[in-house]
Amino acid sequence: MKAPPFARVLTTLNLKGGVGKTHSTWLLSAVAQERELRTLLVDMDTQGNLTSSFLTAESAVPGVELLFDPAADGDVHELIRRTPFSHIDLIPSGPALARFDLSDQSAWERADLQFSLLDAVADLRGSYDLILFDCPPRLSLVSFAALCASDGVMIPLEAADWGAQGILQVAQAVEYVRSRYNPPLQLVGYLVSRFKRARAYQNSYLAQLRRHFGAEAFDTVIPDLAQFEKSVTDRLPITLHAPRSEESDIARRYFDEVLARTARHAGRRDRSRRPRVLDAAAAGAA
């Protein structure tokens, strides 16, 4: 008998915009769809780019902001929207989240608002194989809440000095959350994205990043390729848009590496919380 799903909960975060946060989440969901793994995407950015990739404006209200509203008493299941893809659900985001996206850390910690997502994640873990938080490019309340509710965090960056700015603060935030609120939180790794293969300076900077981060750097690199952009423009996950393409193979390698890295970490955690379905998938990929 197939074991019931027990979601692995992951966050994608960097302080700089345009480094591939939403795109890396898009790629993970594409491979999950192909492998028939139930996936819940949670858009945490007021820009709502992930939301608009899957939903029309009319179907994106209400959204994740209700999980941060102390006056709301809604059911998280009522916020989940079905997408056109059988194994991908989404909790949308939009401008309404802005009034809860607080920057005063001392204020939200006094009110324990960093725990706003814990109950929702606890309610949903048994229904999915993956829950993915796509965070805004800032260390505000919504990003901290995602870290507090997650098993691991991926940090995308570009192979350029300005593209890597902000990752120190993210790493410090991960350590802060781990030390105070969520001890099992794992830094899954640093993902080089939007990589331009033909540019010598990016290849040089990639080598520097690998030396600096060592095993914390993903082996997989997400290059800047045309089919990736077409997939997003056509609102069709890459594994459906161009299943035999190099881009789909890269997405699969990234997915497999995420599974392998988080499976090793899961093995050190409470076995009763282990995400069994994905562990089997990771073993098959290996």
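The values are calculated or read from the model by the stated rules, or taken from the named source; none is laboratory data. The structure presented is a predicted model; accordingly, all values stated were derived computationally and were not measured. All Cβ positions, even for glycine, are placed from backbone atoms using ideal geometry, and neighbour counts span all protein chains on display. Ligands, DNA and RNA are excluded from the accessible area calculation, which covers all protein heavy atoms including side chains. Shrake-Rupley method; radii C 1.70, N 1.55, O 1.52, S 1.80 Å.
The table below lists the values:
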item: Label-point gap, in nm, between residue 175 and residue 249 - each point 7 angstrom along Cα→Cβ; result: 3.9
item: Rounded, prolate or oblate (a/c below 1.5 giving rounded, otherwise prolate when a/b exceeds b/c) for the chain by Cα gyration tensor; result: rounded
item: Within region 49-65, backbone nitrogen closer than 14 Å to the virtual label 7 Å beyond the Cα of residue 99 toward Cβ; result: 63, 65
item: Carbon plus sulfur fraction of accessible area for the chain, probe 1.4 Å, in percent; result: 52
item: Length-normalised contact order for the chain - Cα pairs under 8 Å, 6+ apart - percent; result: 26
item: Residue-normalised accessible area of the chain, given per residue in Å² at a 1.4 Å probe; result: 44
item: Chain lengthening between residue 109 and residue 82 when straightened (0.36 nm per residue, less Cα-Cα); result: 6.4 nm
item: Calculated FRET efficiency for the pair residue 207/residue 57, C-beta based, R₀ 41 Å, to 0.05; result: 0.40
item: Mean Cβ count within 10 Å, highest first, over the residues of peptides 231-243, 6-18; result: 6-18, 231-243
item: Residue among 218, 108, 167 farthest towards the positive dipole end of the chain, charges placed on Cβ; result: 218
item: Which of 204, 93 is most accessible, then next, and so on - probe 1.4 Å; result: 204, 93
